[in-house]
């Protein structure tokens, strides 16, 4: 924490955003940056009291930028009105031995995995300010207090604004050991302060990576072999050379071709006219039916990796008074970030520069170095706010492509934009999954045995083989691990997974496997409760005897929703609970289904216990938003495969939820304290099963395969 | 190629472009106004919504050559300071944007709605604001439109 940082990193970062002035999210002007004093590595303070907090994670709408700034500013005792934020550049992080930690922004870790060191960073700054003021006054530091960006000497009433003392403070060595505040001392943590980065999103001024404009820039449109695993054989550039604006036609890696033109629209039109021959390879005949049949072979396979088990399921199930079985399935899903994949790259004099919306600045830097064949130290990464991430932008394929194109056209910045069709066809999809659920009841209707068998494609096998443990992908069991699973009181339990991989790339999709696992488990638990003749809430309460945190969230939601109280005619409730990404969540949905089968969600009450709540309003925003993402997948969207390639290539065939379908979402926060849980993803898992359970209550029809559009929900 | 004179945010822009080029790309690449976003190119998402003579229009479907003398307003021209249109004021108050990428289009669609229906019902909003938001800000969009409607009434009352 004591190293001196090179100022140039931050100046270069400010140029990337374009230096636009804003309320709270702007990189400092060169002048301000030069006069601002550096207090440790996480904050600078300018003479005018502006506190600029450095952010290493990425902002993609989830509010982490503001939340992290709150954590630092609270420890710093900064006046929030003067707080701004700036990105740490990946090259600065590299040059300073990752002083700002992990830049990866996923798994709802933005706050919870940074919380210790960023708070310490703020506390270091505060200690330096106190030390400097005490020295100036010739008084003991212990007689000084801080608040609202002022150091005060209590006995004499003297005061110094942070802006007045920051330059002196910056000359002191940062203390190695500082204490962070106790929760009772927090002033900003727990407050729903306004986001720092809203203003530019209202004026059109925020420069996403897709908006980057550079002198001499050319634009590239690309298409990769539509069949996953296929290769580029040949293309006939001569046929399009004379089209308006066309400058270059280049092969990219071994599977794609790009047209580079003055404008992107010209490149896109020319690419559409380019004769291309693909070597589609061995996957060119695969379709969704074959894939589903392949996955289904896992449902009864002998070989399966164990997620967790206790007791003896087989024996208990065999002797159960009543047996319940059901098979569920869930299709591939695409991220469909509204900002399509893109990256701008420049290759010149053996150095690479990229402008990118990335969930992982460090990884973007490494990908650019690899694709450019240059040293890590010869790469500069300009991080931009993301037009949606949801897990997709943790992958660096567009960065690699942009650099590969730029390397063939040295000296010119090349902006590569994927068309929506390219974006849909070359994703890292939410894995296809099926599950065979089995439960045994005793004569009194108690669950004595539960088996959840997953048959699913493995993300770890595809993206992170090092995370496989003895052939088992533990990511597959999200929500079903010992720490997360709410029904640990069931005496004979087995949760296992028969991996069934396909040729379709898979990846981390907001909520990852909690999405499918919660539908499988929470809908099945409803089936079991029905078989036991018990109320779904009471039934869950009994099973949660060993899971008090799960139970507390469920109870909070049930109480707010008025479970058991009368509803308008035709409206029915459904409930679900889950835990994941370090937090405990539950939801009650109120749904009606017309006789023709049209579903309306009227209201969802959603609860979350994320331990400590940094910004309640932003948590509510994440709950509301996660439901839209999760319910889109439940209602209408799916990726299917024909002839080895993706069938749905735009929003007309991949319909997602719109405002008209938005239910009233009420967020109930039950932060029990003592831990820091995630926020962006946990709640996504409970909306679909709560709604599906309410649909069953309304229609008597149990939906076990998604999306809903495949089902006729008409009823008498 | 055609020589066109487009009126955008009150200014005339002379450009030379293939008249079939969609207005979206003319705005972004020929004029340099990148607040209007590309999301789908097939009029599904609404990220490219601008006003053509006051009507909310998906600019990815409008050939530049067909614009003629229509007055185009983009997000950059909605208010002089980029924050004072009642929709922008309400958006800030409700903290509507998450990633923000769709919000130019959401704001332009909502501003056009208020211009024709100063006090829209929930059903009006659902009919007229059909833009896609993947972050899921719909609940706040709805609330903010109602707030903006109230702000407009108050402002008009004073005037």
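Annotations
- Among the residues listed as A:193, A:207, A:227, the single one being within 30 Å of residue A:641 (Cα to Cα) and either within 10 Å of chain B (Cβ to nearest Cβ) or in contact (Cβ under 8 Å) with a residue 40 or more places away in the chain (or both): A:227
- Annotation: residue A:146 fulfils all but one of (1) more than 14 Å from every other protein chain (Cβ to nearest Cβ); (2) more than 27 Å from the chain's Cα centre (by Cα); (3) at positive phi; the unmet one is (3).
- Filtered residue count, region A:208-233, keeping only those that are surrounded by fewer than 20 Cβ atoms within 10 Å (Cβ to Cβ), on the phi < 0 side of the Ramachandran plot and out of contact with any strand residue (DSSP E or B) (no Cβ under 8 Å at 6 or more places or on another chain): 2
- Sole exception among (1) assigned to a helix (DSSP H, G or I); (2) over 23 Å from residue A:216 (Cα atoms); (3) touching a residue at least 40 places away in the same chain (Cβ under 8 Å); (4) not assigned by TED's automatic domain parsing to the domain that holds residue A:635 for residue A:277, by number: (1)
- Residue check for residue A:585: surrounded by 21 or more Cβ atoms within 10 Å (Cβ to Cβ) and not assigned by TED's automatic domain parsing to the domain that holds residue A:113: yes
- Test result for residue B:115, in contact with a strand residue (DSSP E or B) (Cβ under 7 Å, 6 or more places away or on another chain) and more than 9 Å from chain A (Cβ to nearest Cβ): no
- Residue within region A:329-350 that is assigned to a helix (DSSP H, G or I) and either outside the structural domain of residue A:488 (by TED's automatic domain parsing) or surrounded by fewer than 20 Cβ atoms within 10 Å (Cβ to Cβ) (or both) present: no
- Yes/no for residue B:41 being facing chain A (nearest Cβ under 7 Å) and surrounded by fewer than 24 Cβ atoms within 10 Å (Cβ to Cβ): yes
- Listed by first and then second residue, the pairs linking a residue in region A:367-384 that is without any contact (Cβ under 8 Å) to a residue 24 or more places away in the chain to a residue that is surrounded by fewer than 24 Cβ atoms within 10 Å (Cβ to Cβ), with Cβ atoms under 6 Å apart and 6 or more places separating them unless they lie on different chains, are A:369/A:376.
- Of the strands (runs of 3 or more DSSP E) that lie entirely inside region A:144-216, those containing 1 or more residues that are out of contact with any helix residue (DSSP H, G or I) (no Cβ under 9 Å at 6 or more places or on another chain) and outside the structural domain of residue A:262 (by TED's automatic domain parsing) span A:144-147, A:158-161.
- Single match in B:87, B:145, B:72 (criterion: crowded, with 23+ Cβ neighbours inside 10 Å and either away from chain A (no Cβ under 11 Å) or not in a helix (DSSP H, G or I) (or both)): B:72
- Only listed residue being farther than 30 Å from residue A:261 by Cβ, crowded, with 23+ Cβ neighbours inside 10 Å, assigned by TED's automatic domain parsing to the domain that holds residue A:327 and modelled with pLDDT of 95 or more, chosen from A:481, A:514: A:514
- Scanning region A:18-72 for residues that are modelled with pLDDT under 95, out of contact with any strand residue (DSSP E or B) (no Cβ under 8 Å at 6 or more places or on another chain) and within 14 Å of chain B (Cβ to nearest Cβ) returns A:18, A:20, A:21, A:22, A:23.
Yes or no, residue by residue, for (1) surrounded by fewer than 20 Cβ atoms within 10 Å (Cβ to Cβ); (2) modelled with pLDDT under 95:
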{"position": "A:162", "(1), (2)": "no, no"}
{"position": "A:172", "(1), (2)": "yes, no"}
{"position": "A:177", "(1), (2)": "yes, yes"}
{"position": "A:189", "(1), (2)": "no, no"}
{"position": "A:195", "(1), (2)": "no, no"}
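For (1) away from chain B (no Cβ under 14 Å); (2) touching a helix residue (DSSP H, G or I) at 6+ places or on another chain (Cβ under 7 Å); (3) surrounded by fewer than 17 Cβ atoms within 10 Å (Cβ to Cβ), each residue gets a yes or a no:
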| site | (1), (2), (3) |
| --- | --- |
| A:667 | no, yes, no |
| A:671 | yes, no, no |
| A:690 | yes, no, no |
| A:695 | yes, no, no |
| A:700 | yes, no, yes |
| A:706 | yes, yes, no |
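- Selection status of residue A:119, part of a helix (DSSP H, G or I), assigned by TED's automatic domain parsing to the domain that holds residue A:166 and under 21 Å from residue A:192 (Cα atoms): yes
- Residues of region A:280-315 satisfying the condition of being in a loop (DSSP other than H, G, I, E, B), within 21 Å of residue A:326 (Cα to Cα) and touching a strand residue (DSSP E or B) at 6+ places or on another chain (Cβ under 8 Å): A:297, A:298, A:299, A:300, A:301, A:303, A:304, A:312
- For region A:537-547, the condition holds for at least one residue, the condition being that it is at pLDDT 95 or above, under 26 Å from residue A:625 (Cα atoms) and crowded, with 18+ Cβ neighbours inside 10 Å.
- The single residue among A:500, A:494 that is under 30 Å from residue A:393 (Cβ atoms) and in contact (Cβ under 8 Å) with a residue 40 or more places away in the chain turns out to be A:500.
- Test for residue A:239: is it out of contact with any strand residue (DSSP E or B) (no Cβ under 8 Å at 6 or more places or on another chain), farther than 26 Å from residue A:433 by Cα and loosely packed, with under 15 Cβ neighbours inside 10 Å: yes
- Residue within region B:19-27 that is without any contact (Cβ under 8 Å) to a residue 40 or more places away in the chain, part of a loop (DSSP other than H, G, I, E, B), within 7 Å of chain A (Cβ to nearest Cβ) and closer than 18 Å to residue A:210 by Cβ present: no
- Restricted to region B:122-137, and to residues there that are farther than 20 Å from residue B:42 by Cβ and more than 8 Å from chain A (Cβ to nearest Cβ), the residue that is surrounded by the most Cβ atoms within 10 Å (Cβ to Cβ) is B:124.
- Pick from region A:624-662, criterion without any contact (Cβ under 8 Å) to a residue 12 or more places away in the chain and within 23 Å of the chain's Cα centre (by Cα), ranking: surrounded by the most Cβ atoms within 10 Å (Cβ to Cβ): A:659
- Taking the conditions (1) surrounded by fewer than 19 Cβ atoms within 10 Å (Cβ to Cβ); (2) touching a residue at least 60 places away in the same chain (Cβ under 8 Å); (3) touching a strand residue (DSSP E or B) at 6+ places or on another chain (Cβ under 6 Å) in turn, residue A:462 satisfies each one other than (2).
The values are calculated or read from the model by the stated rules, or taken from the named source; none is laboratory data. The shown structure was predicted, so the numbers you read here are calculated from the model rather than taken from an experiment. Glycine gets a Cβ as well: all are built from the backbone with ideal geometry, and neighbour counts include every protein chain shown.
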